[in-house]
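Shown next, in structure tokens, is the structure this report addresses.
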Amino acid sequence: QVQLVESGGGLVQAGASLRLSCAASGRPFSNNYMGWFRQAPGKEREFVAAIWWSVGLTYYADSVKGRFTISRDNAKNTMYLQMNSLKPEDTADYYCAVATKFSREVASYTYWGQGTQVTVSS
């Protein structure tokens, strides 16, 4: 069992940067996968980025490639999402999650955090 807590969201202007954190606790795990998703009002949950924890391999949605960077700190069991050049369309609740495989599909992820709100004004 893994517990996930997101933090770092807020209200910023277009073009600004934010760094989201996802702290994992509970039962330790290794050779697993983690990802970031976002959900805007009235929209389905959307894949943002994923990381193969043990090797650091990353994958991004086309909409954020070149602007967002996913990373992790093994010692802290913490995952980060550095978001640069934010746009109003990035406004959403951002969630971190754990999966049993490297995937961009919501159904692949077993554990989810509560989410952190990101609002980008024009």
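Brief remarks follow.
- Net charge dipole, the stretch 1-79: roughly 80 debye, given to the nearest 20, about the Cα centre with Cβ charges of +1 for Lys and Arg and -1 for Asp and Glu.
- Reachable aspartates and glutamates, given that their alpha-carbon falls under 17 Å from the alpha-carbon of LYS76 and they are not under 8 places away in the same chain: GLU6
- Amide N proximity, the stretch 51-89 versus LYS43 label position 7 Å along Cα-to-Cβ, cut-off under 19 Å: 60-70, 81-89
- Within the same chain, lysines fewer than 8 places from LYS43 are excluded, and of the rest, those with a Cα less than 23 Å from its Cα are LYS65, LYS87.
- Length released on extending from SER85 to TRP112, taking residue separation times 0.36 nm less the Cα-Cα span: 7.1 nm
- Cα-based shape type of the stretch 31-82, given that a ≥ b ≥ c are square roots of the gyration tensor eigenvalues and the cut on a/c is 1.5: prolate
- Once the gyration tensor of the Cα atoms in the chain is diagonalised, the equivalent ellipsoid follows with semi-axes of 23, 14, 14 Å, ordered largest first.
- Reference-scaled alpha-carbon Rg (2.2 N^0.38 Å with N residues) for the stretch 53-98: 1.24
- Counting all C-alpha pairs of the stretch 1-41, share separated by more than 11 Å (%): 76
Readers should treat all values here as calculations from the given coordinates under stated rules, not as data from a laboratory. Predicted model only: the values in this text are computed from it and were never measured. FYI the Cβ positions are ideal-geometry reconstructions off the backbone, even for glycines, and counts take in every protein chain you see.
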